[in-house]
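K.L.:
Sending over a structure as structure tokens; questions will come in a sec.
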Amino acid sequence: MPEGTLLALMIALPFVGSFIAAFLPSNARNSEAWLAAFVTLGVLALTLASYPRIVASGALRSHIEWLPSLGLDFQLRMDGFAWMFALLISGIGFLVVVYARYYMSPKDPVPRFYSFLLAFMGAMMGVVLSGNLILLVVFWEATSIFSFLLIGYWHHNAEARNGARMALTTTGLGGLALVVAVLLIGHIVGSYDLDTVLAAGEIIRDHELYVPILVLVLLAAFTKSAQFPFHFWLPNAMAAPTPVSAFLHSATMVKAGVFLLARFWPVFAGTPEWFWLVGSAGMASMVLGAFFAIYQQDIKGLLAYSTISHLGLITLLLSLGSPLGAVAAIFHMMNHATFKASLFMAAGIIDHETGTRDLRKLGGLFHAMPITASLAMVASAAMAGVPLLNGFLSKEMFFAEAIETHAVSWLDTAAPYAAVLGSAFAVSYSVRFIAGVFFGKPAEELPHEPHEPPFLMRFPILFLVAICLVVGIFPGATIGPYLHTAVQAVLGEGTPEYSLAIWHGLTLPLLMSGIAIVAGLAFYMIWRPYLATSEEGPPLFRRLNGQRIFDQVLVTLSWRWARALERFLGTRKLQPQLRLVVLITLVAAAWPVLRLGLASPLPDLAAIDPVFAALWAVGILCAVGAAWQAKYHRLVALILVGGAGLVTSLTFIWFSAPDLGLTQLLVEIVTTVLLLLGLRWLPKRVNFEEGTVLGARLSRARDALIAIAAGLGTTFIAYAVIVREAPGSIGDFFLSNAYSQGGGRNVVNVILVDFRGFDTFGEITVLGIVGITVFALLRRFRPAADTIERPEQQRDQLAFDEARADRSETDTVSDYLFVPSVTMQWLFPFFILFAAYLFLRGHDLPGGGFVAGITMATAFLLQYLAAGTRYVEDRLKVLPVNWIGLGLLTAAAVGCGSWILGYPFLTSHFQYVELPVIGKVPAATALLFDLGVYALVVGAMVLMLIALAHQSTRRLRAAKTAEESA
């Protein structure tokens, strides 16, 4: 299998499985589990199959061009370190899927669970396999979104909602920091390619922006890996289902932060800033996390704080800047994933079979669940660093690095003592978990009678515990080669000599391990009576409670500061908001002009055509008249606005831009009719009292001055740009290359569907979102009773015909607008023909998908005016949302089609096709993209039309009812 296909499948398979799982029936728990198992097993098989290639070549790469001129490419890269994480993600993901089959209740929305879980797995695979920093950021943010959905899976639970919101807020903040950091790195290095960035470490470290970039990257890593002071969100994420917790804490999500630190270790490590920032956060997280874990009464809470502690250990190792420290950190990432996943699944079994996770209510479960107890005890021992288990090996390497001198500072001096103290606390909470759950007095009055779970629910724990034992006893023969491959991918030629032997003699690290075990047991015996009744833990724990701190910050930002800002700037009226936007725009535009100047020659008034001047005079009068009449007569103001738009269309045609003129004209027609429909339910005007006339006039004068300033400023800038002398401008490029590279003589259309096709794709996406948003806002909108004006109270409201007063609710808008409906229905086929004509000629002559879409939308609009909403929706079967979806899918499919042929996204191809009788005709793939534009424009416009038409009909009926009741 080609490298590109293999890497793409490893990311695509989970997302495809997620899409399929979302549409499975809610009672098909086995089907979803089988689907998820096959997907994760398939990704695992691909990962294992790629290992020989990585050993042979060092890394697998896949490169698909997206925007090569900007360095934005879909580039995948898997070296030994990424392979290690891919193995953890897919392997533990498979075990979690098997476990979840028995953990999840049939009453739960299981399709949604597996859909979110697979999508999260795909996003995490994207993070570790990204070969482009921009792509890494995209997948990084995707992990935050899908983890939010997984943590809040039981959304009926307030704790789940709060935990999900806290996780998304914290990790989302770090994601924004990573975006800025990546952009700065790309600016310094000149590329977003990961290989190029990793090779430019010295350039980045010597740059003046090194410290800001480092702080931003660390903010992203610390928030994702729950490192101090951003540790608070992780314990509150325990409201998620236990399979989610097992996956997030072992191989994904929280490991993404330390993955980022290790990935960028060759770029940032070795500086004092790296040592102090990373080392301080790691040491605090390791000690405080372990200390807080001791006082947890919830098993999952204990394991969550232990995760913070172990991630702090990894962070502290990476901060040392020592190659051996990096080796130990990578080794502990692997070991932590095995014993932490098994412990979370054991906690889930205890909760599932007993009905509680409260350590104060549990005890003596060894007799009822001996196999589960034995497995959990071995995994806990590995977490505590007991010899002959994998956790002991990496912790001993940690102790060996902690006693070395890396920098003459108190932080380096304190490292050995912090390592022993944190490890002692780890022994204490591990012993508490074992003793409190499985030994002592048997628990009474449990919600469920404890018993062993099914074998397949216990199998994932058995498999992971076996790995802990095998690696702990035979490290060199089992994990050695894979660890070396991962380490070499990070350190390269700087990979040091290291040993995975179990016995190194009577060394200081061995002594430190012994002290930690003995001290941990002593701590547990001393604290045991207090822990049996403690509710909130010691005062330090209460002061550093993450939930309380987060809530206080959230209240300060979202309530106090936001309310104060809203009181200062907010208003329920649209006019003040628009005024503020225009003023800010004026200042932003005037500042660089006043500072740098904008020289342009004065226009030659004698060269202006009198006819053109008269045309513009009409447009100016229409615009001024519309502003003046808006106070008195809305219908007249709308007509004058249409007149100004018509003058704009004629201006485009005057300057030989018929394509723009045609588009402007059709847009004017549609917007005018849509505004006509909306006029019927606008709120009634405020009649100023005599004492406020002066204030009203001053307000209008102020608004007039702002409008004049904005108009003159826009005119000045536009004129300066038009008359500037710029040989070889972008316009010349498009004119000379439109036909040779885009295959079309209509330069405007070629720009939209070829040269700037990605911009157009983004614009139609926004248009589709706007259409759906307008429909969503208006479909349940009901005008307030005091906004329904009677006919005699509204000057521009059309009078009701008394002869139609007793018509049924099937009355149409045309009944009140007095439009010849039959004629408009006859025009429908001609509009379709005209739209097809504009669409097909658009690549060479004025027209195109957007103009054709507006034309087709106008045809539907006329049918609404002629026959009403029910006729069009029932007889023509208009499904605008389907049109929007079809348009987006068509445009995206055309872009992806170029990928299949090895070209950048949305690359257009054209040639002449020989047709019978007709002969040679030009054909371009851009025509298909334009078809997507056409479908989406029709769908969005008709969807907004439906919303407005229904509201207008409802408004008319309400007004009739008010008139009759009067």
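K.L.:
Inside the range 204-235, can you point out the residues that are within 18 Å of ALA293 (Cα to Cα) and part of a helix (DSSP H, G or I)?
P.N.:
Of everything in the range 204-235, those that are within 18 Å of ALA293 (Cα to Cα) and part of a helix (DSSP H, G or I) turn out to be TRP233, LEU234, PRO235.
K.L.:
Another question, if that's okay. Conditions first: (1) over 23 Å from the mean Cα position of the chain (by Cα); (2) part of a helix (DSSP H, G or I); (3) farther than 12 Å from PHE758 by Cα; (4) among the aliphatic types (A, V, I, L, M). VAL894 passes all but one, so which condition is the exception?
P.N.:
(3)
K.L.:
Follow-up question, since we're still on this one. Do you know which residues across the range 287-338 are β-branched (Val, Ile, Thr) and closer than 27 Å to VAL470 by Cβ?
P.N.:
Selection gives ILE299, THR307, ILE314, VAL327, ILE330, THR338.
K.L.:
Moving on. Spot the failing condition for ASP108; the list is (1) of a type outside the set (S, T, N, Q); (2) surrounded by fewer than 24 Cβ atoms within 10 Å (Cβ to Cβ); (3) within 23 Å of the chain's Cα centre (by Cα), and only one is missed.
P.N.:
If we test ASP108 against (1) of a type outside the set (S, T, N, Q); (2) surrounded by fewer than 24 Cβ atoms within 10 Å (Cβ to Cβ); (3) within 23 Å of the chain's Cα centre (by Cα), just (3) comes out false.
K.L.:
Determine which member of the set GLU452, GLU445 is exposed (fewer than 15 other Cβ atoms within 10 Å of the Cβ) and either free of Cβ contacts under 8 Å to residues at least 60 places away in the same chain or not hydroxyl-bearing (Ser, Thr, Tyr) (or both). Explain how you work it out, then say what you get.
P.N.:
Values: GLU452 fails: exposed (fewer than 15 other Cβ atoms within 10 Å of the Cβ).
Being exposed (fewer than 15 other Cβ atoms within 10 Å of the Cβ) and either free of Cβ contacts under 8 Å to residues at least 60 places away in the same chain or not hydroxyl-bearing (Ser, Thr, Tyr) (or both) holds for just one of GLU452, GLU445, which is GLU445.
K.L.:
For the range 242-262, check the following and say yes or no: at least one residue is modelled with pLDDT under 90 and over 23 Å from the mean Cα position of the chain (by Cα).
P.N.:
No, every residue in the range 242-262 fails to be modelled with pLDDT under 90 and over 23 Å from the mean Cα position of the chain (by Cα).
K.L.:
To continue, here is another question. When only residues in the range 749-764 that are closer than 12 Å to GLY895 by Cβ and surrounded by fewer than 20 Cβ atoms within 10 Å (Cβ to Cβ) count, which is modelled with the highest pLDDT?
P.N.:
So the residue we want is GLY762.
K.L.:
Of all residues in the range 823-847, count the ones that are of a type outside the set (A, V, I, L, M), assigned to a helix (DSSP H, G or I) and in contact with a Gly (Cβ under 7 Å, 6 or more places away or on another chain). Outline the logic, then answer.
P.N.:
So the first thing to find is which residues in the range 823-847 are of a type outside the set (A, V, I, L, M), and the list is 823, 825-826, 828-831, 834, 837, 839, 841-844, 846-847.
From the residues that got through so far, the ones that are assigned to a helix (DSSP H, G or I) too are 823, 825-826, 828-831, 834, 837, 839, 841.
Subsequent filtering for residues that are in contact with a Gly (Cβ under 7 Å, 6 or more places away or on another chain) retains 839, 841.
The qualifying residues number 2.
K.L.:
Oh, and also: Pick from the range 490-507 the residues that are surrounded by 11 or more Cβ atoms within 10 Å (Cβ to Cβ) and farther than 30 Å from MET78 by Cα: which of them is nearest to the chain's Cα centre (by Cα)?
P.N.:
Checked the range 490-507; the qualifying residue nearest to the chain's Cα centre (by Cα) is ILE502.
K.L.:
Identify, from the list ALA414, ALA424, ALA466, the residue that is farther than 20 Å from SER309 by Cα, assigned to a helix (DSSP H, G or I) and either over 40 Å from the mean Cα position of the chain (by Cα) or among the small types (Gly, Ala, Ser) (or both).
P.N.:
Just a single option satisfies the conditions, and that option is ALA466.
K.L.:
Provide a single number: the residues in the range 38-66 that are within 19 Å of ILE89 (Cα to Cα) and touching a Lys or Arg at 6+ places or on another chain (Cβ under 8 Å).
P.N.:
Selection size over the range 38-66: 2.
K.L.:
Here's a follow-up. Looking at the range 291-344, which of its residues are of a type in the set (S, T, N, Q) and touching a strand residue (DSSP E or B) at 6+ places or on another chain (Cβ under 7 Å)?
P.N.:
Selection gives GLN297 alone.
K.L.:
Look at GLU497 and say whether it is out of contact with any Phe, Trp or Tyr (no Cβ under 8 Å at 6 or more places or on another chain), of a type in the set (D, E, K, R) and either more than 20 Å from ILE294 (Cβ to Cβ) or modelled with pLDDT of 70 or more (or both). Write out each step before concluding.
P.N.:
Numbers: out of contact with any Phe, Trp or Tyr (no Cβ under 8 Å at 6 or more places or on another chain): yes; of a type in the set (D, E, K, R): yes; either more than 20 Å from ILE294 (Cβ to Cβ) or modelled with pLDDT of 70 or more (or both): yes.
Criteria met by GLU497.
K.L.:
Moving on to the next point. Does the range 122-134 contain any residue that is free of Cβ contacts under 8 Å to residues at least 60 places away in the same chain and over 16 Å from PHE15 (Cα atoms)?
P.N.:
Scanning the range 122-134, I find no residue that is free of Cβ contacts under 8 Å to residues at least 60 places away in the same chain and over 16 Å from PHE15 (Cα atoms), so the answer is no.
K.L.:
Also, I was wondering about something else. Go through (1) without any contact (Cβ under 8 Å) to a residue 40 or more places away in the chain; (2) in contact with a strand residue (DSSP E or B) (Cβ under 7 Å, 6 or more places away or on another chain) for ASP358 and report which single condition fails.
P.N.:
Condition not satisfied by ASP358: (1).
K.L.:
Next question, about the same structure. Just wondering, is there one or more residues in the range 203-223 that are among the polar types (S, T, N, Q) and crowded, with 24+ Cβ neighbours inside 10 Å?
P.N.:
Yes.
Rundown of residues vs (1) at pLDDT below 80; (2) within 39 Å of the chain's Cα centre (by Cα); (3) surrounded by 13 or more Cβ atoms within 10 Å (Cβ to Cβ); (4) of a type in the set (Val, Ile, Thr), yes/no style:
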site	(1), (2), (3), (4)
GLY661	no, yes, yes, no
GLU690	yes, no, no, no
ARG702	no, no, no, no
GLY711	no, yes, no, no
THR714	no, yes, yes, yes
VAL723	yes, no, no, yes
ASP732	yes, yes, no, no
ASN737	no, yes, yes, no
GLY743	no, yes, yes, no
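K.L.:
Mind checking which residues of the range 436-463 are touching a Ser or Thr at 6+ places or on another chain (Cβ under 7 Å) and assigned to a helix (DSSP H, G or I)?
P.N.:
The answer is ARG458, ILE461.
K.L.:
Could you check the range 581-604 and list, in sequence order, the residues that are modelled with pLDDT under 85 and either aliphatic (A, V, I, L, M) or part of a helix (DSSP H, G or I) (or both)? Write out each step before concluding.
P.N.:
From the range 581-604, those modelled with pLDDT under 85 are 589-604; that's our starting set.
Hits for the range 581-604 are ALA589, ALA590, TRP591, PRO592, VAL593, LEU594, ARG595, LEU596, LEU598, ALA599, LEU602.
K.L.:
Let me ask something additional. Which one is nearest to LEU462 (Cα to Cα) among residues in the range 357-393 that are touching a His at 6+ places or on another chain (Cβ under 8 Å) and in a loop (DSSP other than H, G, I, E, B)?
P.N.:
Residue satisfying both the conditions and the ranking: MET369.
K.L.:
Sticking with this structure for a sec: Is it the case, given these coordinates, that PHE439 is of a type in the set (Phe, Trp, Tyr) and either under 40 Å from the mean Cα position of the chain (by Cα) or surrounded by 17 or more Cβ atoms within 10 Å (Cβ to Cβ) (or both)?
P.N.:
no
K.L.:
If you don't mind, there's one more thing I want to ask. Any residue that is assigned to a helix (DSSP H, G or I), out of contact with any Gly (no Cβ under 7 Å at 6 or more places or on another chain), surrounded by fewer than 22 Cβ atoms within 10 Å (Cβ to Cβ) and in contact (Cβ under 8 Å) with a residue 24 or more places away in the chain - is there at least one of those in the range 138-157?
P.N.:
yes
K.L.:
Looking at this structure, is THR169 assigned to a helix (DSSP H, G or I) and farther than 23 Å from THR315 by Cα?
P.N.:
Here the answer is no, as THR169 does not meet what is asked.
K.L.:
If you check ILE299 against the conditions, is it surrounded by 24 or more Cβ atoms within 10 Å (Cβ to Cβ), over 30 Å from the mean Cα position of the chain (by Cα) and at pLDDT 90 or above? Before the answer, list the steps.
P.N.:
Numbers: surrounded by 24 or more Cβ atoms within 10 Å (Cβ to Cβ): yes; over 30 Å from the mean Cα position of the chain (by Cα): yes; at pLDDT 90 or above: yes.
Spelling it out, ILE299 is indeed surrounded by 24 or more Cβ atoms within 10 Å (Cβ to Cβ), over 30 Å from the mean Cα position of the chain (by Cα) and at pLDDT 90 or above.
K.L.:
In the range 29-81, what residues are assigned to a helix (DSSP H, G or I), within 24 Å of the chain's Cα centre (by Cα) and in contact (Cβ under 8 Å) with a residue 40 or more places away in the chain?
P.N.:
Hits for the range 29-81 are ALA36, VAL39, THR40, VAL43, PRO68.
K.L.:
Enumerate the pairs (first residue in the range 917-931 and free of Cβ contacts under 8 Å to residues at least 24 places away in the same chain; second residue anywhere and not hydroxyl-bearing (Ser, Thr, Tyr)) with beta-carbon separation below 8 Å, excluding pairs fewer than 6 apart on the same chain, so at least 6 apart or on different chains.
P.N.:
That search, which allows pairs on different chains as well, returns LYS920/VAL913; LYS920/GLU914; VAL921/VAL913; VAL921/LEU915; ALA923/PHE910; ALA923/GLN911; ALA923/VAL913.
K.L.:
Would a scan of the range 917-924 turn up a residue that is among the hydrophobic types (A, V, I, L, M, F, W, C), outside any strand (DSSP E or B) and touching a helix residue (DSSP H, G or I) at 6+ places or on another chain (Cβ under 6 Å)?
P.N.:
no
The values are calculated or read from the model by the stated rules, or taken from the named source; none is laboratory data. Just so it is clear, the structure is predicted and the values come from calculations on it, not from any experiment. FYI the Cβ positions are ideal-geometry reconstructions off the backbone, even for glycines, and counts take in every protein chain you see.
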